[in-house]
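In what follows, a single structure is set out as structure tokens and then discussed.
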Amino acid sequence: DETAQAPELILTTEGSGPPVTVNTLNLSPNPANSAIDIGFKVPTKMSAIFVYDMTGKLLQAVPASDVKSVGDYKMNVSGMPSGIYLVRTFDAFGVPHQKKMLIER
């Protein structure tokens, strides 16, 4: 389901011990008011960042050249109306990640 937030990916190998968390997308604060930090639980480089409304319409795109190396990206959301949005990006391995973002004013 495209609107569901990206699940945490768990990899295990039989007999290898406890499961290992690969990575998850973080949005903070969520709900947001004027700005939101977008990053990963385990810091990694992100590709472009895309923000969609709940109908799937692309509202904002941040090109990969504007996304800093490793760490969080601070996105200004002050011009967006209150509502639920979908943030989508790809990690350094090309794995897509998405999460719901709530804007409240």
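The values are calculated or read from the model by the stated rules, or taken from the named source; none is laboratory data. Owing to the predicted nature of the structure, the values given are computational and were not obtained by experimental measurement. Every residue, glycine as well, gets a Cβ built from its backbone with ideal geometry; the counts of neighbours run over all protein chains shown. Only protein heavy atoms, including side chains, enter the accessible area calculation; ligands, DNA and RNA are left aside. Shrake-Rupley method; radii C 1.70, N 1.55, O 1.52, S 1.80 Å.
Tell me yes or no: at least one residue of the stretch 5-13 is open to solvent by less than 50 Å² (accessible area, probe 1.4 Å), modelled with pLDDT under 80, on the phi < 0 side of the Ramachandran plot and touching a strand residue (DSSP E or B) at 6+ places or on another chain (Cβ under 7 Å).
Residues of the stretch 5-13 open to solvent by less than 50 Å² (accessible area, probe 1.4 Å): 6.
The next check asks that each one be modelled with pLDDT under 80; those that pass are 6.
Subset that is on the phi < 0 side of the Ramachandran plot: 6.
With touching a strand residue (DSSP E or B) at 6+ places or on another chain (Cβ under 7 Å) added as a condition, the list becomes 6.
Checked against the condition, which is being open to solvent by less than 50 Å² (accessible area, probe 1.4 Å), modelled with pLDDT under 80, on the phi < 0 side of the Ramachandran plot and touching a strand residue (DSSP E or B) at 6+ places or on another chain (Cβ under 7 Å), the stretch 5-13 yields at least one hit.
Give me the residue from the stretch 23-44 that is assigned to a strand (DSSP E or B) and more than 12 Å from the chain's Cα centre (by Cα) and, out of that set, surrounded by the fewest Cβ atoms within 10 Å (Cβ to Cβ). Explain how you work it out, then say what you get.
We begin by selecting, within the stretch 23-44, every residue assigned to a strand (DSSP E or B); these are 25-28, 32, 35-40.
If we keep only those that are more than 12 Å from the chain's Cα centre (by Cα) too, we end up with 32, 35.
Working: 32: 21, 35: 11.
That would be 35.
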Response to the item:
Screening 73, 85 for residues that are modelled with pLDDT of 95 or more and open to solvent by less than 80 Å² (accessible area, probe 1.4 Å) leaves only 85
